[in-house]
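Written below as structure tokens is the structure these notes are about.
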Amino acid sequence: MSTPIEKKIVGLLENGDQKALDLLYEYYGDSLYGVILQVTSNEALAQDALQETFVKVWKNAKKYDSKKAKLFTWLYRIAKNTAIDKLRSFNNRFEKEVQIDKSDVYILPTASLNQDVMDLKEHVARLDQKYQIVLKALFFEGMTQQEASDELDIPLGTIKSRLKIGLRELKKVYVPKH
């Protein structure tokens, strides 16, 4: 059952009224910041992720369905996924900055690597759209199967089937038959 404030916020979001953001921040900002800070363990990252969360909420307001989830659950998912993305991005950037320009410790002979299978996203993009959507949600956006089912409005069994088929198709690229 939605509270009166949830109903008011949802109504404002549906109408594209920016007052919704003020109310979201007032009523949910601290809780969402806590969730994000728990994931990132970094105040600056958490503040950035909170701001990005509210931008995503604003841009995706029309996708919210009160029949599927409470407002806070929807906000929580967006905040958590944004925090995970922000942390991954930060860690990737940090790892690249730490790399030493010239090192021969881990030189791999590139001739032994199959250059055709190096870019996973490119290969996923070649799959049927229905498999792409599921694989992207699960692997590139970090959703669980249940979250993907809820977010994409696809039954959980279908998510599992499409995952299995999509992975089987990718396996053909990565493990070619001899």
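Worth pointing out:
- Selection of helices (runs of 4 or more DSSP H) fully inside the stretch 65-178 by the criterion of at least 1 residues being aliphatic (A, V, I, L, M) and either open to solvent by 90 Å² or more (accessible area, probe 1.4 Å) or at pLDDT 85 or above (or both) returns 71-98, 129-135, 145-152, 156-174.
- In the condition set (1) within 20 Å of the chain's Cα centre (by Cα); (2) open to solvent by less than 60 Å² (accessible area, probe 1.4 Å); (3) farther than 13 Å from LYS80 by Cα, LEU13 is compliant with all but (1).
- Pairs linking a residue in the stretch 40-53 that is in a loop (DSSP other than H, G, I, E, B) to a residue that is at pLDDT below 95, with Cβ atoms under 8 Å and 6 or more positions apart or on different chains, are ASN42/LEU87; ASN42/PHE90.
The values are calculated or read from the model by the stated rules, or taken from the named source; none is laboratory data. Predicted model, so just to flag it, every value in this text is computed and none were measured. With ideal geometry, Cβ positions are generated from the backbone for all residues, glycine too; neighbour counts draw on all protein chains shown. Heavy atoms of the whole protein, side chains included, go into the accessibility calculation; ligands, DNA and RNA do not. Shrake-Rupley method; radii C 1.70, N 1.55, O 1.52, S 1.80 Å.
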